[in-house]
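See structure below.
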Amino acid sequence: MSTEETLILVKPDGVARGLTGEVLRRIEAKGYKIVDLRMVNASRELLEEHYEEHAGKPFFGPLVEFMASGPVVAVRASGNRVIEGFRSLAGATDPTVAAPGTIRGDLGRDWGAAVTQNIVHGSDSTLSAERELALWFA
Ligand SMILES: Nc1nc2c(ncn2[C@@H]2O[C@H](COP(=O)(O)OP(=O)(O)OP(=O)(O)O)[C@@H](O)[C@H]2O)c(=O)[nH]1
Ligand SMILES: [Mg+2]
């Protein structure tokens, strides 16, 4: 067993479109446990730290602005291999190519915005999960 925790975010587009419940449903339907949950109006400072690996990329500024544009629902989820498992549930970053059956494939699409609006975030490694959980559930 490798029970672990991950940070999942329902991004502002997901919250605004009323998809929070659908995302939570999919997390629970898969059998992962929701351990903690909070709605956050994230500061730019928090978002710049969260996305520090992307600093300097052309989409960084628009990404931070998008993530600050409305409330985000932060979820601490646990389960065996939940980090990898939620990335599978979320699907590819670009919702146009994300496979049907995934959150981004079923519910997302390209809106032609400056930054890819793709409904959810999920930590991509144990190191990221620890770092991100400490930021969002400080
Ligand atoms: N416009 C644009 N946005 C991007 C691009 N790459 C990433 N993004 C946005 O930046 C976010 C973070 O990028 P990544 O960490 O590479 O993607 P990801 O791990 O699938 O998504 P997250 O779970 O949000 O971290 C993505 O979810 C998109 O919202 C890009 O090439 N163009
Ligand atoms: Mg990422």
For q values of 0.15, 0.19, 0.26 Å⁻¹, compute log₁₀ I(q)/I(0) with the Debye formula on a Cα-only model of segment 52-102, without solvent. -0.64, -0.97, -1.07
Förster radius 25 Å - calculated FRET efficiency between residue 78 and residue 49, Cβ distance, rounded to 0.05: 0.60
Selection from 60, 95, 126, by position along the positive dipole direction of the chain (Cβ): 95
Extreme residue, positive dipole direction of segment 3-136, given options 6, 78, 29 (C-beta unit charges): 29
In square nanometres, what is the average projected area of the Cα convex hull of the chain? 7.7
For residue 40 paired with residue 3, estimate the spin-label separation in nm (one decimal), with each label point 7 Å from Cα along the Cα-to-Cβ line. 2.4
How large is ³J(HN,Hα) for each residue in segment 6-13, as worked out from phi by the Karplus curve 6.51 cos²θ - 1.76 cosθ + 1.60 (θ = phi - 60°), to whole Hz, x for Gly and Pro? 9, 9, 10, 10, 8, 6, x, 5
What is the ratio of the Cα radius of gyration of segment 1-41 to 2.2 N^0.38 Å, where N is its residue count, to two decimals? 1.26
Length-normalised contact order of the chain, Cα under 8 Å, at least 6 apart, in percent, tallies to 36
Burial order of peptide ranges 39-48, 71-80, 123-132 (average beta-carbon count within 10 Å, highest first): 71-80, 123-132, 39-48
Multiplying the sequence separation of residue 99 and residue 57 by 0.36 nm and subtracting their Cα-Cα distance, what value in nm do you get? 12.5 nm
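A short reminder: the numbers here are calculations on the coordinates, not readings from a lab. These figures come from a predicted structure and were not determined experimentally. Here Cβ is always computed from backbone atoms with ideal geometry, including for glycine, and neighbour counts include all displayed protein chains.
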